1. Which count do you get for residues in region 230-265 that are modelled with pLDDT of 90 or more and of a type in the set (K, R)?
2. State all residues of region 379-391 that are open to solvent by 10 Å² or more (accessible area, probe 1.4 Å) and among the hydrophobic types (A, V, I, L, M, F, W, C); if no residue qualifies, say none.
3. Which numbered condition trips up W81, out of (1) at pLDDT 95 or above; (2) surrounded by fewer than 24 Cβ atoms within 10 Å (Cβ to Cβ)?
4. Considering only strands (runs of 3 or more DSSP E) fully contained in region 327-420, which possess at least 2 residues that are over 23 Å from V256 (Cα atoms) and out of contact with any Pro (no Cβ under 8 Å at 6 or more places or on another chain)?
5. Here's a check for you: in region 353-378, which residue that is open to solvent by less than 20 Å² (accessible area, probe 1.4 Å) and over 24 Å from D402 (Cβ atoms) is nearest to the chain's Cα centre (by Cα)?
6. Name the residues in region 46-86 that are part of a strand (DSSP E or B) and either among the aromatic types (F, W, Y) or in contact with a helix residue (DSSP H, G or I) (Cβ under 6 Å, 6 or more places away or on another chain) (or both), would you?
7. Count, please, the residues in region 209-222 that happen to be at negative phi, open to solvent by 10 Å² or more (accessible area, probe 1.4 Å) and modelled with pLDDT under 95.
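The values are calculated or read from the model by the stated rules, or taken from the named source; none is laboratory data. Keep in mind the model is a prediction, meaning the values are calculated, not measured. We place every Cβ from the backbone using ideal geometry, glycine too, and count neighbours over all the protein chains shown. Quick note on the areas: whole protein, heavy atoms, side chains included, nothing else; ligands and nucleic acids left out. Shrake-Rupley method; radii C 1.70, N 1.55, O 1.52, S 1.80 Å.
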Amino acid sequence: MGVKRPKSGHEKAIVDIWQREVGQLSSRSFAHRLAASEDLVLRLDILRKLEKHRGCVNTVGFNASGDILVSGSDDRKVILWDWEVGHAKLSFHSGHCNNVFQAKFMPFSDDNIIVTCAADGQVRQAQILEGGRVETSLLGRHESRAHKLAIEPGSPHIFYTCAEDGMVQHFDLRTKDPTRLFTCHSTFEWRSNLTVVQLNTIAIDPRSPNLFAVGGSDDEYTRVYDIRKYKWDGSTDFGQPVNFYCPRHLVGSKLVGITGLAFSDQSELLVSYNHEHIYLFAKDMGWGPNPDPSSPESACSDTDEPGHDDPFEAASAVTDTEKRHVPQVFKGHLNRETVKGVSFFGPKSEYVASGSDCGRIFIWRKKNGELIRVMEADKHVVNCIEAHPHTAVLASSGIESDIKIWTPKAEERATLPANIDEVLISHGSFLFGSDDSSSDDDDSSSDDDDDSENDEGNVYYSDEDDDLDDDDDGDEEDDDDDEDEN
């Protein structure tokens, strides 16, 4: 009997359509299979560029329905886009006096409440009122740059922030003041001179929203915390993680840090390191709450497993434990110069996507780590990639002042460049050094003093006012282009 030839992507699509038509495949399953099709990933191409910002675009995010995209930039503006037609629905000043690093819609707010964090350390809320007026207010502040925030899945009220001061704060829009949960400190003695971990990223597990993870500079561990262990009267120390994640070979490294985190719907944890690669951890790959990497038993978070009396069983158990602790690795991109995010792509997180210092987007298969797409996306650096919540669409941004929308519209399937290894090696030199840019905080004393004076109250802006502001401060913002989360 001959070996059956595997079906091509085109043939599988025809079978799926037939199964849907005869009722053997639900419309929902058909849509998921279509969105996860590698054929669509290989046909991604730029649909359009969204152009209105005057500075690096540091954050992009879709609303729950996927029809509106929100962006924030070094120009301190927040813009809401109808990305399908390329129209800016609303543009307003965020109220921040430095680069906007993240902007997100709050769930179940009719897309009228947006929360932001920025290089000025402030955490702010923008409420969209009738007639396009926007009311912004200060919710809280960090002592240094606040890179990321994470919204509790399905909650219209609760989100977390992290910053370079090492602080993690909990916000509830129903209360007046945020809760300072803890300051993240290094775990090991050799880092005694760097006790505070400068946090770059925070993510919440969508399957277990009580769990959130943080990662930062000059520290190799992703720490996972359980908010249920926090005593809201402040009677206990909440600074102890419930789990640590790190590839074995990076334990003790003084050269790496974490720039991006993401959870899949299956509670897998994606970790992007600077000066290194991206790693995917299953939930049971943690070191546990008290990591001791020198002990094989600590290489798994299931700490209740019984011991082994038989030495052969013990050796086998150690080998199995070590295998379980090896995460999937994704290689090829460059992450040295900016705080880059990392994303899952596909209805069941079938792919992993990241930007790169070489100005490209890299996409890998999640299941085996194989690189399948490399796409030119920025003249300098790609920092942000955001997947559409329901279909095969990506939004990307970086050092350039535009946002690129990617859809599977190409007539031909893309292939990796034949000289991909040479391409990667040729971009081993980088555009931005740590010594050739001024401090982000320097701009806060310029023409934004009026905004900072109103930090404690409410600031009102309209779309028309924003257009006037663009003309006034556009030239100044161009000077900040290289300040994108460096």
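1. So the answer is 1.
2. C384, I385, A387, listed by residue number.
3. (2)
4. Because the criterion is at least 2 residues that are over 23 Å from V256 (Cα atoms) and out of contact with any Pro (no Cβ under 8 Å at 6 or more places or on another chain), the strands (runs of 3 or more DSSP E) in region 327-420 that meet it are 371-376, 382-387, 394-398, 402-408.
5. Only one residue tops the list, namely W364.
6. Those that are part of a strand (DSSP E or B) and either among the aromatic types (F, W, Y) or in contact with a helix residue (DSSP H, G or I) (Cβ under 6 Å, 6 or more places away or on another chain) (or both): F62, W81.
7. Adding up the residues that qualify gives 1.
Yes or no, residue by residue, for (1) modelled with pLDDT of 60 or more; (2) of a type in the set (K, R); (3) closer than 27 Å to G131 by Cα:
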{"residue": "M1", "(1), (2), (3)": "no, no, no"}
{"residue": "V15", "(1), (2), (3)": "no, no, no"}
{"residue": "R20", "(1), (2), (3)": "no, yes, no"}
{"residue": "L25", "(1), (2), (3)": "no, no, no"}
{"residue": "S29", "(1), (2), (3)": "no, no, no"}
{"residue": "L69", "(1), (2), (3)": "yes, no, yes"}
{"residue": "G86", "(1), (2), (3)": "yes, no, yes"}
{"residue": "S91", "(1), (2), (3)": "yes, no, yes"}
{"residue": "V100", "(1), (2), (3)": "yes, no, yes"}
